[in-house]
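Some notes on the structure that comes next.
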Amino acid sequence: MAADAWRRGAAAVLLSVTVCGAAGCSDSGGSPSDAVSSAAAAVRSAGEAVSSAAAEAGKAAQSAAAVAKDKLAEVKDGVNAKEQVALGPVATDGNGYTTVPVTVSNTDDGEKSFAVQVEFRDEAGNLLDTVVVTVTDVPGKGTGQGTARSTHKLSGTVTARTGTALRY
């Protein structure tokens with residue numbers, strides 16, 4: 001995602017350098033080699049910014065995963081309920097956050113609650129964000145609804161999948 005944006009930006013800079021270099025133009029009246037040097041510096045700077053942004057995004061995803069793990073650890077006497085969870089289509093809300101509807105099916109006779117970890121991933125399957133949705137007081141043999149909302153704004157094609165799901 002970030003690498004694709006960097007490649008597009010670098011391609012645009014290199015195309016501009018090639019066109020200006022072939023035409024012998026520059027913004028400051030300098031030589032084409034001055035324009036090439038400036039463009040190369042801009043590409044390096046853009047690469048550093050993209051690398052920094054990617055590192056920060058990775059840290060945010062790791063932090064969200066740690067929070068989700070802690071929330072799931074708080075559930076006492078939970079049983080695996082991953083097969084009882086269905087996720088709806090991924091969307092973006094009016095504030096720019098990624099959302100996905102969560103439906104849980106209580107196969108037990110008594111009222112139960114669910115803690116569902118939803119993972120938001122990019123096209124390559126890289127973890128972008130993870131959240132835990134709690135759906136409480138689902139009647140026996142009934143269903144319950146919730147909505148998972150990313151902790152920060154995500155871009156590009158985002159998919160969602162169920163991580164851990166506990167019924168308690």
Under the Karplus curve 6.51 cos²θ - 1.76 cosθ + 1.60, θ = phi - 60°, whole-Hz ³J(HN,Hα) for the stretch 68-77, x wherever Gly or Pro sits: 4, 4, 5, 5, 5, 5, 6, 6, 9, 6
Simple spin-label estimate for VAL67 and TYR97 in nanometres, 7 Å along Cα-Cβ: 0.9
Relative contact order for the stretch 72-168, counting Cα pairs under 8 Å that sit 6 or more residues apart, in percent: 38
Extended-chain gain in nm, criterion 0.36 nm per residue less alpha-carbon gap, TYR168 and LYS76: 32.4 nm
Residues with amide H under 5 Å from that of THR92, placed H, sequence gap 5 or more: THR99
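None of the figures in this text is laboratory data; all of them are computed from the coordinates on show. Here the structure is a predicted model, which means the values were calculated and not measured. Heads up, the Cβs are rebuilt from the backbone with ideal geometry, glycines too, and the neighbour counts pull from every protein chain shown.
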